[in-house]
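Take a look at the structure set out below.
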Amino acid sequence: MRIYTKEFYTLDCLAYTVNSGRKSKKAENFNEEFFNQSYDKLCKIFVSMDKLKDCYTDPLAELLKVDEYVNEPNISEKELELRQSYKKMHLRLYRNRIENGTFIKFDKTLSKQRFAEFFKSKLELYSHLPENIKEKIADMRVFALGFASSEVLDMLREFCKSLKKIIRQTINKAQKQTARLEKKLAIIYSLRHYESNKLYGISKKDEDVYLYFKDNEYIKFTKAEITEGNESMVYRYKEGEPQVEESRIYSVEIHKIKNGYEVNYIINNCDSLNRETLWYLTITCDEIIQNYGALIRLIDDLQIQKKYRE
């Protein structure tokens, strides 16, 4: 009954392989020295980018800079209004960090471990490439770092082009079906709004099941049962921690069943070293109710962004 599957997730990732490939003559042959140099260089870049994460910066010092920006002298009323809107959005986005007022010392060793796991995940993903392409790759490790021969890149372009068509067809099928069934629900604007969002928890209260998201947002499934997956599989996300474990919604789709609806999720668990595990969450229910907090904030943020564009 599912349209989205774990196998589809792998194909979805593979469809963009060509985007991360760079042509290199050195990738045409096995070259240990080139691999070591490339790995070290990309690891350093990864670590430097990792260090820029919010959790390693002082939120109170950041807020002082925002205040200085807002209170800069000799600016127009319109510019002041825009900067005040920016501060409002900043306070909303980083509210918890500002209230806690704490930050974490950067751990270079941990960051290198995360890069190593990222590299391993690429190797695993590319093991699913067609055999005719893998046969042309001189060193899969170099390929996983983003370097390929012109011949391999040409083959990838054709492969990814055809794969994207299959991906689009699958997504269109799932989205059309879900949108059609959403129109029959009592209070909802879009379950897909939460795709890619962190899932904070699941609970069963009386006959209802709840999915929880940031800022106490939730989706309520009435007269519901969890028929696949369970609440214990959700990672307990702690905002502001670098070695955080989190669960994100990769996809959602709705199916009509005899006494209501079946909602199928794919959840992506990512541990402290960026290792991913996919699992299925299936909920049957007679109705779905979604609170509107996210929509209100989304409209507010879009209005602020529109002011900046103007």
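Please treat every number below as a calculation from the coordinates, not as lab data. Quick caveat, the model's predicted, so the values are computed rather than measured. Quick reminder, even Gly has a Cβ in these numbers, built from the backbone with ideal geometry, and neighbours come from all protein chains shown.
Taking 7 Å steps out from each Cα toward its Cβ at Q84 and E135 produces label points 6.9 nm apart.
Give the Rg/Rh ratio for the chain, taking Rg as the radius of gyration of the Cα atoms and Rh as the Kirkwood radius, to two decimals. Please report the intermediate quantities before stating the final value.
Details: Rg = 23.0 Å, Rh = 22.7 Å.
Computed over Cα atoms, the ratio is 1.01.
Applying both filters, DSSP loop and at most 13 other Cβ atoms within 10 Å, to the chymotrypsin sites (Phe, Trp or Tyr not before Pro) of segment 170-227 gives Y189. Once both labels are positioned 7 Å from their Cα atoms along Cα-to-Cβ, the gap between S190 and L42 label points is 3.3 nm. Here K164 is the anchor, and the aspartates and glutamates within straight C-alpha reach of less than 18 Å, apart from those fewer than 8 places off in the same chain, are E7, D12, D154. Distance between the modelled labels on R2 and R168, one decimal in nanometres: 2.6 nm (7 Å Cα→Cβ projection). Counting only aspartates and glutamates at least 8 places from K87 when in the same chain, those with an alpha carbon closer than 17 Å to its own are D54, D58, E62, D67, E68, E72, E77, E79, E99, D300, D301.
For a 32 Å ceiling on Cα separation, which of these pairs sit above it: K51/K198; K122/K204; K51/K173? Mind showing how you got there, number by number?
On the way: K51/K198 22 Å; K122/K204 37 Å; K51/K173 40 Å.
In this structure, K122/K204; K51/K173 exceed 32 Å between Cα atoms.
Using a/c under 1.5 as the rounded threshold, could you call segment 1-60 rounded, prolate or oblate? The axes a ≥ b ≥ c are square roots of the C-alpha gyration tensor eigenvalues, and prolate needs a/b larger than b/c, oblate otherwise. The shape class here is oblate.
Segment 63-213: percent of C-alpha pairs farther apart than 25 Å? Percent of Cα pairs beyond 25 Å in segment 63-213: 67.
Computing Rg and the Kirkwood Rh from the Cα coordinates of segment 1-111 gives a ratio, Rg/Rh, of 1.17. For segment 40-101, the spherically averaged projection of the C-alpha convex hull amounts to 5.5 nm².
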